[in-house]
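**Student:** Pasting a structure below so you can have a look.
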Amino acid sequence: MSKPVLKVFKSHDNNARRERELDRITGTAEPKTVAVPFGKIVPLLMDAVAHDRAWLSDFAEDTVRVDADLYEVLLAYQQIQSRAA
């Protein structure tokens, strides 16, 4: 099975990029979000956890939006795990 690949697109307009970064730093910019298939993220996160990557802690307090159905499944799984412990 091949590893999933995330593509990064570079902006060719450096001035616009600097302005967007300044807006982000000052809190005046819209939050940046990207829609990514769940199946692309999970293997990467699993690998990062398995190798104890330090960058994971940088995002520990970030909010992640998930589909309501997935959230319900995760809650049910959490309850099953706590009962098994």
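The values are calculated or read from the model by the stated rules, or taken from the named source; none is laboratory data. The structure presented is a predicted model; accordingly, all values stated were derived computationally and were not measured. Here Cβ is always computed from backbone atoms with ideal geometry, including for glycine, and neighbour counts include all displayed protein chains.
**Student:** What is the one condition in (1) among the hydrophobic types (A, V, I, L, M, F, W, C); (2) within 17 Å of the chain's Cα centre (by Cα); (3) surrounded by 10 or more Cβ atoms within 10 Å (Cβ to Cβ); (4) modelled with pLDDT under 95 that Ala16 does not satisfy?
**Tutor:** Of (1) among the hydrophobic types (A, V, I, L, M, F, W, C); (2) within 17 Å of the chain's Cα centre (by Cα); (3) surrounded by 10 or more Cβ atoms within 10 Å (Cβ to Cβ); (4) modelled with pLDDT under 95, only one is false for Ala16: (2).
**Student:** Among the residues of the range 45-85 satisfying the criterion of being among the small types (Gly, Ala, Ser) and in a loop (DSSP other than H, G, I, E, B), which is nearest to Pro31 (Cα to Cα)?
**Tutor:** Across the range 45-85, the extreme among qualifying residues is Ala60.
**Student:** Let me ask something else. Check Gly39 against each of (1) surrounded by 10 or more Cβ atoms within 10 Å (Cβ to Cβ); (2) touching a residue at least 12 places away in the same chain (Cβ under 8 Å) and name the one condition it does not meet.
**Tutor:** (1)
**Student:** Within the set of pairs 6+ apart or on separate chains, which have a first residue in the range 67-80 that is within 17 Å of Val42 (Cβ to Cβ), a second that is in a helix (DSSP H, G or I), and C-beta atoms under 9 Å apart?
**Tutor:** Note: pairs meeting the criteria are Asp67/Phe38; Leu70/Phe38.
**Student:** Now, a different point. Can you confirm whether Val36 is assigned to a loop (DSSP other than H, G, I, E, B), under 30 Å from Arg20 (Cβ atoms) and touching a helix residue (DSSP H, G or I) at 6+ places or on another chain (Cβ under 8 Å)?
**Tutor:** Taking the combined requirement at face value, the residue does not satisfy it.
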